[in-house]
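So the structure is just underneath, and the comments pick up after that.
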Amino acid sequence: MYMAKIRLDSSITTIVPDFKIGMIHYTKIIVSESPQMIKGRTQLYQENLYLELQESPVTERPGISEWRKTWKALGADPNRYRLSAESLLRRIAKQNYLQPFHSAVDLNNFFSLQYEIPVGIYDADLIQGDIEIALGDENTGYEGLNGRYNSLKGIAYSKDNEGPFGSPFVDSKRTAVTEQTTNAIQLFYLRPSLSEEESMKLLGAAGNMFSQIHGGDYTIDLLSTTQSKIEL
């Protein structure tokens, strides 16, 4: 079983004191094609979002607006490097709906749309050693799921002993969840304005829904200035 320490580096919290990372650790899960219920619910949700987005721009949605400000505060240009949740919503605004991939990614995207925040999910067995959430510099980057090298300068990112593997911009190929994944770690880049109590409630609801589909067990944790280190 994956055992590690996870730490939120002060390079982020000195700039954004209310910065929070939610973490859910799943064990003994079964990833497969999404059940029809999830496919149907996601499609309907996207169609409703499309109608809403004709009335108000993506950048005016509360979660996206707050995260764009956070993005800028940390040093990245939100117009050049869009957070993943904004990219998903922009696709939906053009009726370029997300297509089913597999149950873990589909549900991960659903959470991102629902909460208007970046959410990443990673195969815990492909993570090497301890995890740190830090702020990228000009030397930080990796080959992403978008098929190209991505610079993470001024962007919060997660790294293990082998280097960077995730961010609220785009995730790396190295730790991607597949249908062979049985243990996973999900990181929620929570809205800084969310209280710790609200954050834990959100994580509990997401973990419960994910485990209903995938089985297994899960634990939730919150990284913030109050608790910058946790141990799995």
**Item:** Cβ pairs under 6 Å, 6+ apart, first in region 189-206 and open to solvent by less than 70 Å² (accessible area, probe 1.4 Å), second charged (D, E, K, R)
**Value:** LEU190/LYS20; ARG191/GLU66; PRO192/ASP18; SER199/LYS20
**Request:** Would you mind stating whether LEU98 is closer than 30 Å to ASN183 by Cβ, surrounded by 16 or more Cβ atoms within 10 Å (Cβ to Cβ) and free of Cβ contacts under 8 Å to residues at least 60 places away in the same chain?
**Result:** yes
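Listed here are the residues, each with its yes/no results for (1) surrounded by fewer than 19 Cβ atoms within 10 Å (Cβ to Cβ); (2) among the β-branched types (Val, Ile, Thr); (3) touching a His at 6+ places or on another chain (Cβ under 8 Å).
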residue	(1), (2), (3)
SER11	yes, no, no
TYR26	no, no, yes
ILE38	yes, yes, no
LEU51	yes, no, no
**Fill in**
Every listed condition ((1) more than 22 Å from TRP67 (Cβ to Cβ); (2) of a type in the set (A, V, I, L, M); (3) in contact (Cβ under 8 Å) with a residue 60 or more places away in the chain) holds for LEU126 save (3)
**Asked** Among (1) touching a residue at least 60 places away in the same chain (Cβ under 8 Å); (2) surrounded by 14 or more Cβ atoms within 10 Å (Cβ to Cβ); (3) part of a loop (DSSP other than H, G, I, E, B), which single condition is ARG174 missing?
**Response** (1)
**Message:** Consider region 62-78. How many of its residues are open to solvent by 50 Å² or more (accessible area, probe 1.4 Å) and either basic (Lys, Arg) or assigned to a loop (DSSP other than H, G, I, E, B) (or both)?
**Reply:** 4
**Complete:** The correct count of residues that are out of contact with any strand residue (DSSP E or B) (no Cβ under 9 Å at 6 or more places or on another chain) and closer than 16 Å to PHE111 by Cβ in region 199-231 is 5
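The values are calculated or read from the model by the stated rules, or taken from the named source; none is laboratory data. As the structure is a computational prediction, the values presented were derived from the model and not from experiment. Note that each Cβ is placed from the backbone with ideal geometry, even for glycine, and that neighbours are counted across all protein chains shown. Accessible surface is based on the protein model in full, side chains and every heavy atom, while ligands, DNA and RNA are left aside. Shrake-Rupley method; radii C 1.70, N 1.55, O 1.52, S 1.80 Å.
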